[in-house]
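A.B. asks: First the structure, then my questions, so here it is.
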Amino acid sequence: MLLVEPFAEDHLGEGVSPVARLYFASSTTVCCAHALSDGGRMVLGAQAGERRLADVFRKAGFTRFRRAAATPFNLILEARR
């Protein structure tokens, strides 16, 4: 499976570009709020980052996870069973 996500580092202090600031603000106001309103079982926070997404995929039964590509705007992540 390929997952295309807005580019985010695993920690907020790493590589905070103007684009990253926009993504963090949008994620906080839209994604986190939606996850909380949906019962809050999987609230990853503003911009989950590759490490947290890999953990979600491993818990779902995927055994291989890697960054397939990246641009200044997106991460393309590959997960395989």
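A.B. asks: So for the pair R21, E9, with labels modelled 7 Å out along Cα→Cβ, what separation do we get in nm?
C.D. replies: For R21 paired with E9, the spin-label model returns 1.5 nm.
A.B. asks: A further question on this structure: Using DSSP to define loop residues, name the GluC sites (Glu not before Pro) in the chain whose beta-carbon has at most 16 other beta-carbon atoms within 10 Å. Don't skip to the answer; put the middle values down first.
C.D. replies: Values: sites: E9, E14, E50, E78; in loops: E9, E14.
When the GluC sites (Glu not before Pro) of the chain are filtered for loop state and at most 16 Cβ neighbours within 10 Å, E9, E14 remain.
A.B. asks: While we're on this one: So what's the net charge close to R81: Lys and Arg +1, Asp and Glu -1, counting the other residues with Cβ under 15 Å from its Cβ?
C.D. replies: Its environment carries a net charge of +4.
A.B. asks: Given the rule -39500 (n - 2.57) for each run of at least 4 DSSP H residues, summed and divided by the residues of the chain, what is its mean residue ellipticity at 222 nm, to the nearest 500 deg cm²/dmol? Provide the component values of the computation, followed by the final result.
C.D. replies: Details: 3 runs with 25 residues, N = 81.
Computed ellipticity for the chain at 222 nm equals -8500 deg cm²/dmol.
A.B. asks: Working out 0.36 nm times the residue gap between L36 and A60, then minus their Cα-Cα distance, what length gain in nm do you get to one decimal?
C.D. replies: Between L36 and A60, full extension yields 6.6 nm more.
Laboratory data are not the source of any read-out in this text; all were calculated from the coordinates shown. No experiment lies behind these values; they were computed from the predicted model shown. Every residue, glycine as well, gets a Cβ built from its backbone with ideal geometry; the counts of neighbours run over all protein chains shown.
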